[in-house]
Protein chains: 2
Amino acid sequence: MFKISEVVKQCAISADTLRYYEKIQLLPPIHRNDSGIRLYNKQDISSISFIKRAQYMGFSLAEIAKLLAFRKDPQHAKTEVRQLANDKLIAINEHLSQLKTLKNELTLLVNLCNAADDGCPIIKGLEIP
Amino acid sequence: MFKISEVVKQCAISADTLRYYEKIQLLPPIHRNDSGIRLYNKQDISSISFIKRAQYMGFSLAEIAKLLAFRKDPQHAKTEVRQLANDKLIAINEHLSQLKTLKNELTLLVNLCNAADDGCPIIKGLEIP
DNA sequence: AGTTGACCTAGAGTTAACTCTAACAGTTAT
DNA sequence: ATAACTGTTAGAGTTAACTCTAGGTCAACT
């Protein structure tokens, strides 16, 4: 059983965020001691790690809530979760190609900038369209 | 001179957004006719295109405000704008590598999902750490 | 006994970038 | 002339995901 400060350290998350997750029911009501202090158990820690990892992987908290629900009933999860992941992959690919384009354009402009005498080519580049 | 509805079509932007940009002084006060109707001139259209393009390129409205200011005084812009673009490039590279990792992990999990019999490997994959 | 320090709460504030609402005015079409 | 359309405003609401504030309790040290 871990007090909130221990979870803060272990999971690299703020106490506010932990309480917030509980408030929005992303986490279940956490067990309390007689003084009302939250005591997180291993399952809670596992859920928090799950949340952080899923978040890093691009899932929103709303999506993570579904994933956590599915985690309790894996038999029924397969199709829906795969759909969720597939949708994410499509979005990520779109995002990736946009970022690559942006990177190329910016790199070009920054390089041009090193050579230019008059004005700033970054500004000019943005003016073209 | 273009009425707001024309700008909406030409620039693929909402009237609300145009008025919002003027309110936050990203755009200058737009010329009005006797009835108080906004009439955008070519310079305004150019600024709006500039904004949209810069936005697509990953600049925030706050950054774009600076770029627009610099656009009026290109002589002094070079260093600062290049710095802005350089910072953006660094952030984009970071973002790109994170997205690539995420894509690889998700692809792997989705592929595993096709083969699994018990539970959902996406869920299990998230549980590992 | 007193003072930190960690913890608690409800609720407000933050951020970016819109988006919507209500209520009104002027323009165009029939 | 009347209905429909397009425009106007100030200001409130939205979204996600926190983050902070004020005011309080409780346990541990000095």
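The values are calculated or read from the model by the stated rules, or taken from the named source; none is laboratory data. Note that the structure is predicted; figures quoted are calculated from it, not measured. Backbone-built Cβ (ideal geometry, glycine too); neighbour counts: all protein chains shown.
Points to keep in mind about this one:
- Of all the listed residues (A:Ser35, A:Ser49), the sole one being polar (S, T, N, Q), at pLDDT 75 or above and buried (at least 17 other Cβ atoms within 10 Å of the Cβ) is A:Ser49.
- Among residues of segment B:85-101 that are within 7 Å of chain A (Cβ to nearest Cβ), those with a beta-carbon under 7 Å from a residue that is of a type in the set (Gly, Ala, Ser) at least six positions away or on a different chain give the pairs B:Lys88/B:Gly58; B:Ile92/B:Gly58.
- Looking at B:Ala62, B:Ala91, just one residue is more than 18 Å from B:Cys11 (Cα to Cα) and within 12 Å of DNA strand C (Cβ to nearest atom), and that residue is B:Ala62.
- Any helices (runs of 4 or more DSSP H) falling wholly within segment B:1-98 and containing at least 2 residues that are at positive phi: none
- Qualifying residue in segment A:29-46 (condition: within 21 Å of the chain's Cα centre (by Cα) and away from DNA strand C (no atom under 16 Å from the Cβ)): yes
Matching residues to (1) at pLDDT 90 or above; (2) within 15 Å of DNA strand D (Cβ to nearest atom):
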| site | (1), (2) |
| --- | --- |
| A:Ile24 | yes, yes |
| A:Lys42 | yes, no |
| A:Gln55 | no, yes |
| A:Ala62 | yes, yes |
| A:Glu94 | no, no |
| A:Leu102 | no, no |
| A:Asn114 | no, no |
| A:Leu126 | no, no |
| A:Pro129 | no, no |
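- Annotation: B:Lys72 fulfils all but one of (1) under 17 Å from A:Leu102 (Cα atoms); (2) free of Cβ contacts under 8 Å to residues at least 24 places away in the same chain; (3) within 11 Å of chain A (Cβ to nearest Cβ); the unmet one is (1).
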